Structures are given as C-alpha cells and as structure tokens.
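Inspection log for the structure reproduced underneath, given as structure tokens.
What follows is calculated from the coordinates using simple rules that are stated; it is not laboratory data. Computed from a predicted model, the values in this text were never measured in an experiment. Neighbour counts run over all protein chains shown; Cβ positions are idealised from the backbone, glycine included.
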Amino acid sequence: MDRANLALADWLARQGGSVRLVAHRVADSLLRYPNVRFVRVPKPANAYLLGEPLLDAVGRFWAARTLAQGGQVVANGGNCEVPAANWVHYVHGAHAPEPVENPLRRLKGYVSHRVFLRREQRALRRARIILANSERTRQDLLAATGVDASRVHVVYLGGDPARFASTSPELRREARASLGWSAERRVALFVGALGDRRKGFDTLFQAWARLCSRPEWDVDLCVVGTGAQRETWERAAREQGLDGRIRFLGFREDVPRLLAAADLLVSPTRYESYGLGVHEALCVGIPALVSRSAGVAERYPPSLQGLLLEDPEDVAELVRRLESWRAQGGEWMPGVAALSSELRAWTWDAMAAAVVARLEA
C-alpha cells in the first residue's frame, strides 16, 4: 500500500469517523480500527492491467454511495473516474517506462503505459480537485491533461521522524558496526528498483566504474533494491572487477539503519514525482545527491544546490558531483542539518491534516 495513502487512512481512522478503503490490498495495521471497512478488489494474475477495470468499477460504486451520504472521496490518478478529489503520486503522462528485459516485457510495458495514460487523462479531467505531491507533479499534470490550474494544489509528502530520526555520531557507529561496515571507508547508498532505467542506476554504475579506476577513490557503493536487472548488474560488476566496490543488498526492511550508517544517498533519477527516499535520507541527516527535476529538489535551499544533478544522463556530471561531495561534503552539512529539521517537522499526520483541510476548503 502506498505510504502516503496509508498515512491519510490512518489519520482519518484516528479521527473516529467512518473510513472506507477500496483497494487490492491495504496495510494490516488499518484493520485494527473498528471504524475502517476494507473493500477488497481482486487483481487477476496479480496484474495491474487486469485489476484496474475492477478497481475502477468497484471504486465508482462505493464513491457514489459515499458522496450520496455526504462523505468525501479521494481517488489516486487513473485508478477510479469519479467527480471528487484525485490525489496524484505519479504522472503517467510525464514519463514513459523503459523496460530493459525481453521484447515481450517491453511490449507489455508499452501497452500498459498507453492504457494507464488514457485512464489517467479521463480520471483527472473528471476530478473536481486534484492534489499533487510537488510543484513538479502539478506542472506535469497541467501539461498532460490540460485541466484548469485553479483545480490543482500541492501538498508535500510527510515523513516519520521517529523512524527516520537525525543520527548522532554514536548511533552512526552502532549502525555501521551492526552491518559489518568498516569504520574507515565511506559508503554511498542507492535505493531503488532495478527493473528499468527510471531510477538512473545505469548512469550511477558508469560513474562508479570511472571513479573506482582512480586509486584515491575510497568510497564504496551499496545498492538497495531488486528487479529484473539485478543479476545483470551484479554480473557486470564482477566482469569489471567492481564486485568489491559495489554491493547489491537486495530488498531490505532496515532502510533507516542503512541510511543512518551511510555517508551519502545517490539518486540520479530520470523521473521522480517527489522522491520519498531522498526525503528520508535528509531526515536522517545525510546529504542526498538527486536530479534537479525530482519533486523533492524543490525543497533544497540555495546552499544545497550543489547536490542537484542537471542531467541524469550525464555520467561526467555525476562523477564531478561525487568528487565535489568527497572533497568538500562537510561544507554542506549545516545546510543538510537545517533542511533535515524542516522535513522532520512535516510529519505524515501534518500532511494528512493538510490534505483534509484542502478538501474541506
């Protein structure tokens, strides 16, 4: 279940009113509330392309009942075409996926994208109010759908300051020791799926290969995430002699500990409506190198503009940014600390309250 949707649903449930959740699945934690009703929608063959029509039909049925009873309805993107609020976390019209697997998967990705794009346009044009998770997303929505700008409002994603707390030197040492990481070597972290090119790992891999050819480069890379291309990248690392410099950790549930132990997060993403992983790294208190086009980059102050990549395709630029961080990263830490404090103050509850306030207004 999307983390932002979970946060909104949990906040609403704690307010005591009736909450209906129409979805393929929801977090188990929500089912403990007696005022929450989960309407489960099947997803045939575990395929979103097959499940979307069912989600739309069941969603429209319950949306009509909820609106008739005086309630509020919030849909996500093209999931459900209703004359209510639509909260957008990803704009299909802003990015076409680039699968790198076999031709059949590429064909499936192309067909799915075209279907999702049409559904997105219909749903957003019918929505009475649209909420975007960044100004980047808002501009993408306006360009992709042509809806009136007065209908689209920005509410930034929140965070969990208890889970992603500012890390002290002592906690950092403990985290590194528990992971078996050397106290002497620096570690950069990449967090993202390895199934297509959206997260930009191909650019990072090429940059890392260049840097590791230099004896003075003393930073290791840990890769958190999985996907169809993981084995391909692991094989490429072995073939280029980088298996000791790039470690593939797979799917992990201890991301807060990994962030606390790392020195830097690198995210040369080609499309990111917001960038929750970057947000969480900053909350922990480590610098995050991210593409300027990512929504979260809007929150970087002038003092941290050196952490923003102009072009996620430019390997040479990424190399220069990484070298700059290694040489003068300490100069960015006061700005990182200030932004970290600001982001930790904007909790998931604050976000949920802001969403509801906007809808009620």
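When the Cα centres of the stretch 307-351 and the stretch 110-126 are compared, how far apart do they sit, in Å?
Between the Cα centres of the stretch 307-351 and the stretch 110-126 lies a distance of 33 Å.
Can you compute the charge dipole magnitude of the stretch 169-345 about its Cα centre, using +1 on each Lys and Arg Cβ and -1 on each Asp and Glu Cβ, nothing else charged? Give it in debye, rounded to the nearest 20.
Around 200 debye, computed over the stretch 169-345.
Karplus couplings for the stretch 146-162 from phi (6.51 cos²θ - 1.76 cosθ + 1.60, θ = phi - 60°), rounded to Hz, Gly and Pro as x?
Rounded to whole hertz, the list is x, 5, 5, 4, 5, 8, 10, 10, 9, 10, 5, 5, x, x, 10, x, 6.
Taking K and R as +1 and D and E as -1, what net charge do the other residues with C-beta under 15 Å from the C-beta of Glu170 add up to?
+3
At 0.36 nm per residue, minus the direct Cα-Cα distance, what do Arg163 and Ala327 gain on full extension? Give it in nm, one decimal, please.
Result for the pair: 56.0 nm of gain on full extension.
Where does helix 348-360 land angle-wise versus the long Cα axis of the chain, in degrees 0 to 90, nearest 10?
Roughly 30 degrees between the two axes.
For the chain, what does the relative contact order come out to in percent, with C-alpha contacts under 8 Å and a separation of six or more?
16 percent
If I take every Cα pair under 8 Å that is 6 or more residues apart in the stretch 123-169, average their sequence separation and divide by the length, what percent do I get for the relative contact order?
41 percent
Highest mean first, how do 209-216, 268-275 rank when packing is the count of other Cβ atoms within 10 Å averaged over residues?
268-275, 209-216
For the stretch 166-290, what size does the Cα cloud have along each of its three principal axes, sorted from largest down, in whole Å?
37, 37, 23
Between Asp2 and Arg235, how high is the FRET efficiency from 1/(1 + (r/R0)^6) when r is the Cβ-Cβ distance and R₀ = 25 Å? Nearest 0.05.
Using R0 = 25 Å, I get an efficiency of 0.15.
What does the helix-only formula give at 222 nm for the chain: each DSSP H stretch with n ≥ 4 adding -39500 (n - 2.57), the total divided by the residues, and the result rounded to the nearest 500 deg cm²/dmol?
Counting only the DSSP helices, I get -14000 deg cm²/dmol.
Once R0 is set to 51 Å, what does the formula 1/(1 + (r/R0)^6) return for the Cβ-Cβ distance between Ser213 and Arg125, expressed as a FRET efficiency to the nearest 0.05?
E between Ser213 and Arg125, to the nearest 0.05, is 0.50.
What fraction of the DSSP beta bridges in the chain is antiparallel, stated in percent and rounded to the nearest 5?
About 5 percent, rounded to the nearest 5.
If I fit a long axis through the Cα atoms of helix 315-328 and take the longest principal axis of the Cα atoms of the chain, what angle between them do I get, 0 to 90°, rounded to 10?
The two axes meet at around 70 degrees.
If you stretched the chain out fully between Arg114 and Ser18, how much longer would it get, using 0.36 nm times the residue separation minus the C-alpha to C-alpha distance?
So the extension gain works out to 31.0 nm.
With point charges of +1 on the Cβ of Lys and Arg and -1 on the Cβ of Asp and Glu, referenced to the Cα centre of the chain, which listed residue (Pro287, Ser166, Tyr90) lies farthest in the positive direction of the dipole?
It is Tyr90.
Place the peptides 174-187, 320-333 in order of packing, highest mean first, counting for every residue the other Cβ atoms within 10 Å and averaging per peptide.
320-333, 174-187
Using 1/(1 + (r/R0)^6) with R0 = 41 angstrom and r between the beta carbons of Ser303 and Ala68, what's the FRET efficiency to the nearest 0.05?
The pair Ser303/Ala68 has a calculated efficiency of 0.20.
Using 0.36 nm per residue of separation minus the Cα-Cα distance, give me the extension gain between Ala228 and Glu317 in nm, one decimal.
Between Ala228 and Glu317, full extension yields an extra 29.3 nm.
Cα centroids of the stretch 145-214 and the stretch 1-51: how far apart, whole angstrom?
A separation of 27 Å, based on Cα centres.
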